[in-house]
């Protein structure tokens, strides 16, 4: 059983001491991490001393679990060190794939847009030439790029 007695001398602001709720067996990792963060943020000497007492009790009640968490963290860091070259290689491969896909998509979109624009320009040119009855010019525009470019300029088709 986990029994502690507290003697409170004076008024206690429960909002500032809410971490006392960590005094239990079976503390969860997030509760412990939050507790450590809160203790680290304490400024007053009295609060730090109280927190140290609570911290000692929490550690004693949960020593095996806390050791496991610390070992997991150390092991995790060591595994990351060992795997760093492979992770870096995979990251670079992912970046390459992403760039390649992005380039392909950009090219496809650019080609589609260019095709639509070109068709629109040619359609406008043919329409104007036909409205003026210039069928021979339509044939020229269809087969001769230089003639087509001159007609675009003549009719101010951008």
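Distance between the 7 Å Cα→Cβ label points at residue 33 and residue 83: 1.7 nm. Helix 145-154 and the long axis of the chain differ in direction by around 90°, with both axes built from C-alpha atoms.
Between the helical axis of 29-40 and the longest alpha-carbon principal axis of the chain there is an angle of about 80 degrees. Which one of 90, 70, 113 has the biggest mean-square fluctuation once the chain is modelled by GNM with Cα springs under 10 Å? Looking only at 90, 70, 113, the largest GNM fluctuation is found for 113. Sorted from greatest to least, the principal axis extents spanned by the alpha carbons of the chain come out as 106, 44, 27 Å. Measure out, as a whole number of angstrom, how far apart the alpha-carbon centroids of the range 32-78 and the range 98-136 sit. Their Cα centres are 67 Å away from one another.
Our summary gives the chain a relative contact order of 14 percent, counting only alpha carbon pairs under 8 angstrom and 6 or more residues apart. Rounded to the nearest 10 degrees, the angle from helix 45-61 to the longest Cα principal axis of the chain is 90 degrees. Between residue 93 and residue 154, the simple label model (points 7 Å from Cα in the Cβ direction) yields a spacing of 6.0 nm.
Of all the options 92, 49, 145, the one that moves most in a Gaussian network model of the chain with Cα springs shorter than 10 angstrom is 145.
All of the numbers you see were taken from the coordinates with simple rules; none came from a lab. A quick note: this is a predicted structure, and the numbers were derived from the prediction, not measured. Using ideal geometry, Cβ is built from the backbone for each residue, glycine included, and neighbour counts are taken over all protein chains shown.
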